[in-house]
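Below is one structure, written out as C-alpha cells, with a few remarks after it.
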Amino acid sequence: HIIKIPDYTNTQKIIILVKHLFPDAIKDAGLSDDDVQLSPDAHATILSAVEKYVGKEGGVRGLKACINIIVDKLALLLKTSKEEQGKLQLSFNVNVSQRPIVITPDIVNELYKLSDESGQSWRYMYN
C-alpha cells in the first residue's frame, strides 16, 4: 500500500516558519529575539521567493533554507565591522544599526536572491 501524505498548505507553512524554522535559525546563528524579528508582512514574500527560486514544494525544505540564508546574512552583518564587510565585498546591504532588525519584505528581497544563473544561490550566499 502507498500512503499519500498531503502537501502543507501555505497557512501551515507559515505556522511552521514562525514557530519552528525562524526560532531555530536565529538560535543556530547565535542570535536572539532581541537581535532579529520576523514581520508578518514578510511571510508571503518568503513563500513566493521560495517558490520562485526552489519551485513549488509540498514540504518546508526550501523554506528552511531561505530563512537560514536570510538570518545567516543578518548575523554576518551584525557580527562584523563596516571595515570587515568592505573587505568581504558583500553583494547585499541591510541597515543593522538598530535592534531588533525586523525582517520585512524588502529585507527578504535583498538577502534572498539569485547570485548566479545556475539557480544555486545557496552556494553563493556570501557573494
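The values are calculated or read from the model by the stated rules, or taken from the named source; none is laboratory data. Everything numeric here is computed off the predicted structure, so don't read it as measured data. So basically every Cβ, Gly included, is an ideal-geometry build from the backbone, and we count neighbours across all protein chains shown. The accessibility values were calculated without ligands, DNA or RNA, using every heavy atom of the protein model including side chains. Shrake-Rupley method; radii C 1.70, N 1.55, O 1.52, S 1.80 Å.
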Enumeration of residues in segment 87-106 that are under 17 Å from the mean Cα position of the chain (by Cα) and of a type in the set (A, V, I, L, M, F, W, C): LEU90, PHE92, VAL94, VAL96, ILE101, VAL102, ILE103
Residues (of a type in the set (A, V, I, L, M, F, W, C) and either more than 15 Å from ASP106 (Cα to Cα) or in contact with an Asp or Glu (Cβ under 8 Å, 6 or more places away or on another chain) (or both)) located in segment 46-60: VAL50, VAL54, VAL60
Total residues in segment 16-49, condition in contact with a Phe, Trp or Tyr (Cβ under 9 Å, 6 or more places away or on another chain) and free of Cβ contacts under 8 Å to residues at least 60 places away in the same chain: 1
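Conditions (1) closer than 17 Å to ILE107 by Cα; (2) of a type in the set (S, T, N, Q); (3) within 15 Å of the chain's Cα centre (by Cα), marked per residue:
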position	(1), (2), (3)
SER39	yes, yes, yes
ALA44	yes, no, yes
GLY62	no, no, yes
ILE67	yes, no, yes
LYS73	yes, no, yes
GLN85	no, yes, no
Residue, most open to solvent (accessible area, probe 1.4 Å), within segment 41-63, restricted to residues that are of a type in the set (D, E, K, R) and closer than 22 Å to ASN93 by Cα: LYS52
